[in-house]
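**Student:** Before I ask anything, here is the structure I am working with.
The values are calculated or read from the model by the stated rules, or taken from the named source; none is laboratory data. Quick caveat, the model's predicted, so the values are computed rather than measured.
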Amino acid sequence: MKRHLKFAEVKSLFLLVIFFSIAAVTKAGLIELPPYPGGHLISAHSPIGQSFTAEDPKVIIGLYISDSGFGATDCSLSVRLHEGQGVAGELLDSRVVTPSAEFEGYLDVDYSDIELNPGSFYSVTLSSGSSKWVSNSSQEKYPGGSAIIQGALWPELDDKAFRVIPIAEPSTVLLLGLGGLTLLKKRKR
């Protein structure tokens, strides 16, 4: 005797598939080192930043910056992403960003258009000719990389305050969701 699934059973199976798909798509998670007061004047120590080990292929990366208090008015910063530790590796991206004069926090840059290789090293750096900004340090130690000051790795110094936010790729969830909706629609007929 052939048994047909009831609507409630199909709905439950669909919800389970969605739940496990979301769990599978979610990657390693957020890397975040909080700031403490103090750091390095970006214009005097450029390029300055942090190397890190990628845990996810698509990310948003932010270095924590604050106002130096020197009264400079040029707010623009050059942000670069390099392959490897330090600035000697291949340049993957370079852009100029201009935060507001009152900005303090993680200067986040979306790198979702670049595919990182999980387990590999990358470096994000800031440069500026203006004395406007300080790159804050963190009192926490990050085992997957080190601070970059004047383009050189400084593992003995405090790491920079930075974060790496994974961007989940929703394509798998979307495909499963569409498949589940198709099943439900056919079942209702």
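**Student:** I'd like to check something: does region 98-114 contain any residue that is more than 23 Å from TYR36 (Cα to Cα), within 18 Å of the chain's Cα centre (by Cα), β-branched (Val, Ile, Thr) and at pLDDT 95 or above?
**Tutor:** Yes: region 98-114 contains one or more residues that are more than 23 Å from TYR36 (Cα to Cα), within 18 Å of the chain's Cα centre (by Cα), β-branched (Val, Ile, Thr) and at pLDDT 95 or above.
**Student:** Oh, and also: Name every residue in region 103-120 that is part of a loop (DSSP other than H, G, I, E, B) and of a type in the set (Gly, Ala, Ser), in order of residue number. Steps first, answer last, please.
**Tutor:** Filtering region 103-120 for residues part of a loop (DSSP other than H, G, I, E, B) gives 103-104, 111-120.
The answer is SER112, GLY119, SER120.
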